[in-house]
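A.B. asks: First, the structure itself, so that you have it in front of you.
The values are calculated or read from the model by the stated rules, or taken from the named source; none is laboratory data. Everything numeric here is computed off the predicted structure, so don't read it as measured data. Because the Cβ atoms are built from the backbone with ideal geometry, glycine has one as well, and the counts that use them run over all protein chains shown. What goes into the accessible areas is simple: the full protein's heavy atoms, side chains included, and nothing from ligands, DNA or RNA. Shrake-Rupley method; radii C 1.70, N 1.55, O 1.52, S 1.80 Å.
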Amino acid sequence: MAEKPKLNLNRVPIPKQTPEVRRRNFNEVALGYTDEQALEEASRCIDCKKAGCKDGCPVNIDIPEFIKAIRAGDMPEAARILKSKNSLPGICGRVCPQETQCEMTCNLAKKGGPIAIGRLERYVADWERDHPEIAEQQKERIRFNGKKVAVVGSGPAGLTCAADLAKLGYEVIIFEALHVAGGVLMYGIPEFRLPKVIVQSEVDYVKSLGVEIKLNHVIGKIATVDELLENGFDAVFLSPGAGAPVFLNIPGENLSGIYSANEFLTRTNLMKAYLFPEYDTPIQVGKRVAVFGAGNVAMDASRCALRLGAEEVYIIYRRSKVEMPARLEERENAEEEGVIFKLLTNPSRFLGDGRGRVRAVELHEMELGEPDESGRPRPIRKPGSEFIMEIDTAIPALGTRPNPIIPSTTKGLELTKWGTILTDEASGRTSKERVWCGGDMATGAATVISAMGAARRAATDIDKYLRGSTEWS
Amino acid sequence: MCKIVKKEILVPNTIYLKVEAAEIARKAKPGQFVILRVDEVGERFPLSLAGWDEDRGTLEILFLIMGKSTMKLSALDEGDCIRDIVGPLGRPTEIESYGNILSVCSTFGIGPMVPMIKALKEKGNKVVTAMEARDKASLFWEDRLKSVSDETYVVLGDGSLGKHRRVREFITEYLESGNKVDRVFAFGRIFMMMDCCRATKPFDIKTIVGLTPIMVDGTGMCGCCRVSVGGETKFTCVDGPEFDGHLVDWELLIKRKRAYLREEAQAFNLWQPDNLRRIAELSELPERISVM
Ligand SMILES: Cc1cc2nc3c(=O)[nH]c(=O)nc-3n(C[C@H](O)[C@H](O)[C@H](O)COP(=O)(O)OP(=O)(O)OC[C@H]3O[C@@H](n4cnc5c(N)ncnc54)[C@H](O)[C@@H]3O)c2cc1C
Ligand SMILES: Cc1cc2nc3c(=O)[nH]c(=O)nc-3n(C[C@H](O)[C@H](O)[C@H](O)COP(=O)(O)OP(=O)(O)OC[C@H]3O[C@@H](n4cnc5c(N)ncnc54)[C@H](O)[C@@H]3O)c2cc1C
Ligand code: SF4
Ligand code: FES
C-alpha cells in the first residue's frame, strides 16, 4: 500500500421493502446491492495485512481477496474465490449472523463501521447466478477415485460435506427424507428472508459436481446406517439436523389452532400454504396470533403469521428484551412490521371454544430473579398476575431437539444427554467406525455456517481416513 | 416418481393401485404406511400399505375418495406417475403369538388388514375376521379376507345380511357366546374403531387400533399428528399408528381431524371442473361426483 487511504466508516445500507408493504407479502425483504452500491462498499475495505475478518469466518473464506476482486470489477474471480471455500454463498450471504462472525472481527469494527461482508457475499453470489456460463467455465474436471460416501440429510451440513467430497473425487449420494433438498433452508427459513429459488440453485450447483440426491428416503426406515455401510458405502456422514419440535407441555396444547413452529413454518414454506388453494396444503391464522419464545424461529413464525393475514401478532416471552436470543436485525425487522412484544409473560394453559379449537390463553406476569445455570436471570412467576388473552392461533417456538429415528436404528452410536450424537468436534467422528456426524444433530440447534464448518472438517477427515492416512482410533 | 402399474375401482368411491417402489417394497412391514404427494402443488397425505411384492418391486394401496388429494390420485391411470412416495413409515404391527385373534375392519382398513392377518397367521395365531360395509354394493375384498383368515363374518350396515348392522353388535354377541379372544385388531373408520373398543372394554380384551390423524411430514418433525393415549401426547407417525384403543382420546382425534373442514371443501370446490370431468370419464365414476 503506497498511500494511507482515508477511512470511510459509513456502511452502505441495503435497500429493503418498506415495512408497510413487506408485512403483507412473501417477497424478499432485503433487495440486495446495486452494482454501484457494491462497488462503494467494497471500496471501503482497506485490504488489511492482518485481516481480522478471515478469523471470524467458520469456513475460512478469503474475504479481502474476494472484495478486492469486486473492486477490480473482476466478478468471475470474486465468485471463484467465494465458491472455493463456500458452496452456498447466496444462502450464507443472506442468513449468516455476520455481526458475530466476520463483521465482528473486521478491523474496522472497532472503529464502528465494519465492512458489510455478508451483503457483498450475497451480491457476488447473485451475480454468479445471473451468469451461469461463468460457473460452467470454472467447473473443475473431477476424476472419480472409486470410493463411495453416503450423506444423510440435505441441509447445509449435508450439502457442504457432499460438495467437498465430490470435489475430491468421491461418489456421493445424499439421502433426504423430504421431497425437496435443503433442510431448514427450505422448510424453516421463510421465503422473504431466503428465496427458495436461491436455495435450489445452490443445491443444483452441488448436483453439478456429480452428487446424487435421493429424495423421499428416510434413513432408519428405507435403509439403516448399518445397511448403507454393508452395501457399498465406505463412509456415512450424518446430518439429519435437530428437527423434532418442543411443546410447552401445558394443558390444552392439543387444541386445533396450536401449531409447533416447525409445523407452522413447514406448512407455510415447504408446502407453500400461503398460496392456498393454488397449492393444496391449508393453514389457519385467524386475527390474533400468539407466538411463544423469542429466538430466530419465533421471529420467522410471527412474521409469516403477519403475511398470512393476521391482524395482531404477539411474541410472548418470559424474560426481558436483553435476554432475547434472536438476532438484533430480525428483532428489528419484526418490530418494524408490527409484531407486538409481550415480555416477562408466560402461558399457563390454553382454553378451547368447546369445539376443539383454541379460543384463548391464560398468561401470567414474570419477574427476573437470580441468575440460573444459563447465567441469565431466572424468570419467576408473579403471584396473582394471571390474565386471559383471546387468540385464534398459538405457535410454541421453543426450539427443537434431535429426531430419534437414526439413533434408535443404528447400532453402536453413542448419544449425549441431550439426545445429540456424540461427535468429536475436530474430526466429526462418532463412536461408530466409518460414521461421521455434523450440523445440528451433533451440536443441537445452531447456525447454517457452523453446520457447514463442521461438515467441512468431517469431509477433510473422511478423505484422510479413506485414503488410509489415519486409523479410526 | 412412482409409476402406477395397476388400477382397479373396487367400489365406486374406493380405488386400488399397484405402484412401482422397489426400495419401499423391500422394507415394508404390516401396519406401516407411506406418504404421497400426487403432483407439484399437492399436499402430503398418508395411505396404509395394503400389500407389497419384494420381487416385482411393487406396493399396493387402496383409498377412499375423500377430498381433493384422494380425488387427484384417483384421476391418475395405469402408466401415470405419482410425484412422491416416501416410506415405509410408522412402527410395524407387533406380530406375536397371542392365541385367538379377532380382526375387525371396514372401508380402507380392509387393505392393511390383509398383510397383518397373514403375518399373524404365520406366527401361529387363529384369526377370525369381521368386516363391516354399508351395503352389498360397497363390499370388496371379502374373498381376500376369507382366503387369509380362519373364519370371516360380514356385517352389513343396511341389515341385509344376518341380524347385525354394526360390528359392535357382532363382537358383543361373539364374546358373550363364550368365544375366547386374546387380542383384537381394528382398522378402518374412526367410528367403527371406537365402537369396537366399546364392545371389547367390558370383556377387558386388549384392542389395537390404527389411528388416522392429519399428517404433514410423517417423520416426527411437525407434531401435527399428535394424539392423546393414556393421558400422554404421542406422535402418531413415529409412535404409532397403532395404539391401545381403550386408552385413546377419541374426541380429541375427531376434533383435530375436522380442523380444516372449511379449507378442504374450498380446495375441493375450486379445483378445476375440467379435471373432475376427466376423472368421471376415466374411472367411470358416477356422474354426481363431477357436479360437486
Ligand atoms: C425457522 C428457522 C430459522 C433459522 N434461521 C437461521 C438464520 O437466519 N441463520 C442461521 O445461520 N441459522 C438459522 N437457523 C438454524 C439453521 O437453519 C440450522 O442450524 C441449520 O439448518 C442446521 O443444518 P443441518 O444441515 O445440520 O440440518 P437441517 O438444515 O435441519 O437439515 C437436515 C435434513 O436432514 C433431513 N433428515 C432428517 N432425518 C433424516 C433421515 N432419517 N433420513 C434422511 N434425511 C433426514 C431433514 O429432512 C433435513 O432436510 C434457523 C433455523 C430455523 C428452524
Ligand atoms: C397412518 C394413516 C393411514 C391412512 N391410510 C389410509 C388408507 O389406506 N386409505 C385411505 O383411504 N385413507 C387412509 N388414511 C386417511 C387419508 O390420509 C385421508 O383420507 C386423506 O388424506 C384425505 O385427503 P383428501 O385431500 O382427499 O381429503 P380432504 O378433503 O383433505 O380431507 C378429508 C379428511 O381426511 C383427513 N385428512 C386431510 N388431510 C390429511 C392429511 N394430510 N393427512 C391425514 N389425513 C388427512 C381429514 O380428517 C379430513 O377431514 C390414512 C391416514 C393415516 C394417518
Ligand atoms: S478486516 Fe475488514 S477492512 Fe480489513 S480486509 Fe477484512 S473486510 Fe476488509
Ligand atoms: S406428521 Fe409431522 S410429526 Fe407426525
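A.B. asks: Any idea which residue in the range A:138-150 is nearest to the other protein chains (Cβ to nearest Cβ), counting only those that are touching a helix residue (DSSP H, G or I) at 6+ places or on another chain (Cβ under 8 Å) and either within 16 Å of ligand 4 (Cβ to nearest atom) or touching a residue at least 60 places away in the same chain (Cβ under 8 Å) (or both)?
C.D. replies: Filtering first and then ranking leaves A:Ala150.
A.B. asks: May I ask you to list the residues in the range B:214-249 that are assigned to a helix (DSSP H, G or I) and surrounded by fewer than 18 Cβ atoms within 10 Å (Cβ to Cβ)?
C.D. replies: Those that are assigned to a helix (DSSP H, G or I) and surrounded by fewer than 18 Cβ atoms within 10 Å (Cβ to Cβ): B:His246, B:Leu247.
A.B. asks: Give the residues of the range B:86-106 that are surrounded by fewer than 23 Cβ atoms within 10 Å (Cβ to Cβ) and within 20 Å of the chain's Cα centre (by Cα), sorted by residue number.
C.D. replies: Within the range B:86-106, B:Arg91, B:Pro92, B:Thr93, B:Glu94, B:Ile95 qualify.
A.B. asks: Restricting the range A:79-111 to residues that are near ligand 3 (Cβ under 10 Å from one of its atoms) and at pLDDT 90 or above, which is surrounded by the fewest Cβ atoms within 10 Å (Cβ to Cβ)?
C.D. replies: Result: A:Thr105.
A.B. asks: Can you tell me which residue is nearest to A:Thr34 (Cα to Cα) among those in the range A:58-68 that are in contact with an Asp or Glu (Cβ under 9 Å, 6 or more places away or on another chain) and in contact (Cβ under 8 Å) with a residue 40 or more places away in the chain?
C.D. replies: Ranking the candidates gives A:Ile67 first.
A.B. asks: Take the conditions in the same structural domain as B:Asp77 (by TED's automatic domain parsing), over 27 Å from A:Met271 (Cα atoms), in contact (Cβ under 8 Å) with a residue 24 or more places away in the chain and surrounded by 15 or more Cβ atoms within 10 Å (Cβ to Cβ) and apply them to B:Thr58. Does it pass?
C.D. replies: Spelling it out, B:Thr58 is indeed in the same structural domain as B:Asp77 (by TED's automatic domain parsing), over 27 Å from A:Met271 (Cα atoms), in contact (Cβ under 8 Å) with a residue 24 or more places away in the chain and surrounded by 15 or more Cβ atoms within 10 Å (Cβ to Cβ).
A.B. asks: For the range A:26-47, what are the residues that are open to solvent by less than 30 Å² (accessible area, probe 1.4 Å) and farther than 11 Å from A:Leu120 by Cβ?
C.D. replies: Within the range A:26-47, A:Phe26, A:Val29, A:Ala30 qualify.
A.B. asks: Among A:Val180, A:Val246, A:Val199, which is in contact with a Gly (Cβ under 6 Å, 6 or more places away or on another chain), closer than 25 Å to B:Gly220 by Cβ, surrounded by fewer than 21 Cβ atoms within 10 Å (Cβ to Cβ) and touching a residue at least 60 places away in the same chain (Cβ under 8 Å)?
C.D. replies: Only one candidate passes the filter, namely A:Val246.
A.B. asks: For the range B:213-251, which positions are facing chain A (nearest Cβ under 10 Å) and more than 13 Å from ligand 2 (Cβ to nearest atom)?
C.D. replies: Matches in the range B:213-251: B:Gly220, B:Met221, B:Gly223, B:Ser228, B:Thr233, B:Asp249, B:Glu251.
A.B. asks: How many of the residues making up the range B:6-54 are over 17 Å from the mean Cα position of the chain (by Cα) and more than 14 Å from chain A (Cβ to nearest Cβ)?
C.D. replies: 3
A.B. asks: Quick check on my filter: what residues within the range A:386-412 are assigned to a loop (DSSP other than H, G, I, E, B), touching a residue at least 40 places away in the same chain (Cβ under 8 Å) and open to solvent by 20 Å² or more (accessible area, probe 1.4 Å)?
C.D. replies: Once the filter is applied, which keeps residues that are assigned to a loop (DSSP other than H, G, I, E, B), touching a residue at least 40 places away in the same chain (Cβ under 8 Å) and open to solvent by 20 Å² or more (accessible area, probe 1.4 Å), the range A:386-412 yields A:Asp392, A:Leu398, A:Gly399, A:Asn403, A:Pro404, A:Lys411.
A.B. asks: While we're looking at this one, here's another question. Taking the range A:151-202 on its own, how many of its residues are within 14 Å of chain B (Cβ to nearest Cβ) and hydrophobic (A, V, I, L, M, F, W, C)?
C.D. replies: The total comes to 9.
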